[in-house]
Every structure is written in structure tokens, then in C-alpha cells.
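Chemist: Here's a structure for you.
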Amino acid sequence: MSSRSISSVLGDIVQNVQEIVGSELRLAKTEIGEEIAKAQGAGVLLGSGVFCGFFAVLFALLAAMFGLSRVVPNWAAALIVAIPMGVAAGLMYSFGRKRFRNVHPIPDRTVETVKESVQWAIQRIK
């Protein structure tokens with residue numbers, strides 16, 4: 001038998017639990033920060049895609065306007081600008097979606113270490 005008192009053992013357990021909770025919170029904060037950084041990059045690409053898409057529609061409408069009003073090369077110039085803008089918008093949107101798929105809102109490492117900590121605590125209590 002151990003010569004330690006029950007209050008000493010309980011005090012150590014409480015201190016260990018506090019340390020575990022603190023380290024888990026720090027790990028969760030780090031993981032969530034990493035995921036936020038990923039989401040920001042994806043958001044910028046999606047926003048850029050939407051912005052370019054807006055201009056693609058604008059130039060397509062200008063092309064239709066010039067085509068109907070004059071039936072001369074003015075509409076062709078606007079269409080030449082609209083097509084690359086549309087392609088750029090599609091590419092940025094596609095890349096942004098791919099990046100968003102890599103964002104994981106649940107901190108996997110933290111969940112795993114919490115499970116390990118719970119198992120450890122159960123073993124210590126038994």
C-alpha cells in the first residue's frame with residue numbers, strides 16, 4: 001500500500017486533469033487556427049472567381065449591346081475580353097472549391113488526444 005493520503009492523490013489527479021485540459025485547449029486552438037488559414041485562402045479564390053464572373057457577364061452584356069446596336073467589330077472586342085474573364089472566373093472558382101474540401105472544421109488531433117487522455121484517466125482510476 002502507498003503511504004500517500006487520499007487527499008494528496010485526489011489533488012494530483014485534479015492537477016493532472018487541469019494540465020490535460022489546458023494542453024488540449026492549446027492544441028485545439030492551434031488546429032482551428034490552421035483550418036481558418038486554409039479557409040481564408042479558399043475564400044479569396046472563391047471571391048476572386050465571383051468577381052471575375054461578374055465582369056464576364058458585364059462584358060458579355062456589353063458585347064450583346066454592341067452587336068445589336070452596331071453590328072460592327074465593337075462587340076467582338078467586348079466578347080474577346082469577356083471570354084478570358086469567364087475562363088479565369090471558372091478556374092478560380094474550381095481551385096477555391098478544391099481548397100475548401102481540404103478544410104476540416106473538427107480538430108482531429110485534439111479529438112484523438114482527448115480520447116487517449118480519457119483512456120489514461122480510466123486506467124489511473126482502476
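The values are calculated or read from the model by the stated rules, or taken from the named source; none is laboratory data. On a predicted model such as this, the values are computed, not experimentally measured, just so you know. Every residue, glycine among them, receives a Cβ derived from its backbone with ideal geometry; neighbour counts consider all protein chains shown.
Chemist: I'm told GLN119 meets every condition in (1) in a helix (DSSP H, G or I); (2) surrounded by 13 or more Cβ atoms within 10 Å (Cβ to Cβ) except one. Can you identify the failing condition by its number?
Modeler: Failing condition for GLN119: (2).
Chemist: Given the criterion over 30 Å from GLN15 (Cβ atoms), more than 28 Å from the chain's Cα centre (by Cα) and not in a loop (DSSP other than H, G, I, E, B), identify the matching residue among ALA88, ALA42, ALA76. Can you show your working first?
Modeler: Details: ALA88 fails: more than 28 Å from the chain's Cα centre (by Cα); ALA42 fails: more than 28 Å from the chain's Cα centre (by Cα).
Just a single option satisfies the conditions, and that option is ALA76.
Chemist: Would you mind stating whether VAL103 is surrounded by 13 or more Cβ atoms within 10 Å (Cβ to Cβ) and in contact with an Asp or Glu (Cβ under 9 Å, 6 or more places away or on another chain)?
Modeler: yes
Chemist: If GLU19 satisfies all but one of (1) among the charged types (D, E, K, R); (2) surrounded by 12 or more Cβ atoms within 10 Å (Cβ to Cβ); (3) out of contact with any Lys or Arg (no Cβ under 9 Å at 6 or more places or on another chain), what's the number of the condition it fails?
Modeler: Of everything listed in (1) among the charged types (D, E, K, R); (2) surrounded by 12 or more Cβ atoms within 10 Å (Cβ to Cβ); (3) out of contact with any Lys or Arg (no Cβ under 9 Å at 6 or more places or on another chain), GLU19 misses just condition (2).
Chemist: Then there is this: Working only within the stretch 41-80, note down all residues that are β-branched (Val, Ile, Thr), modelled with pLDDT of 75 or more and touching a Phe, Trp or Tyr at 6+ places or on another chain (Cβ under 8 Å).
Modeler: Looking only at the stretch 41-80, we keep the residues that are β-branched (Val, Ile, Thr), and these are 44, 50, 57, 71-72, 80.
Filter once more, keeping what is modelled with pLDDT of 75 or more: 44, 50, 57, 80.
Across the stretch 41-80, the qualifying residue is only VAL50.
Chemist: Okay, moving on. So which residues in the stretch 91-108 are of a type outside the set (Phe, Trp, Tyr), in a helix (DSSP H, G or I) and under 15 Å from LYS38 (Cβ atoms)?
Modeler: So in the stretch 91-108, the residues of a type outside the set (Phe, Trp, Tyr) come out as 91-92, 94, 96-99, 101-108.
Adding the requirement that they be in a helix (DSSP H, G or I) leaves 91-92, 94, 96-99, 101, 108.
Of everything in the stretch 91-108, those that are of a type outside the set (Phe, Trp, Tyr), in a helix (DSSP H, G or I) and under 15 Å from LYS38 (Cβ atoms) turn out to be GLY96, ARG97, LYS98, ARG99, ARG101, ASP108.
Chemist: Would you mind finding the one in ILE13, ILE36 that is modelled with pLDDT under 85 and in a helix (DSSP H, G or I)?
Modeler: Result of the check over ILE13, ILE36: ILE13.
Chemist: Tell me which of these VAL111 doesn't satisfy, since it passes every other one: (1) in contact with a Ser or Thr (Cβ under 6 Å, 6 or more places away or on another chain); (2) surrounded by fewer than 17 Cβ atoms within 10 Å (Cβ to Cβ).
Modeler: Every listed condition holds for VAL111 apart from (1).
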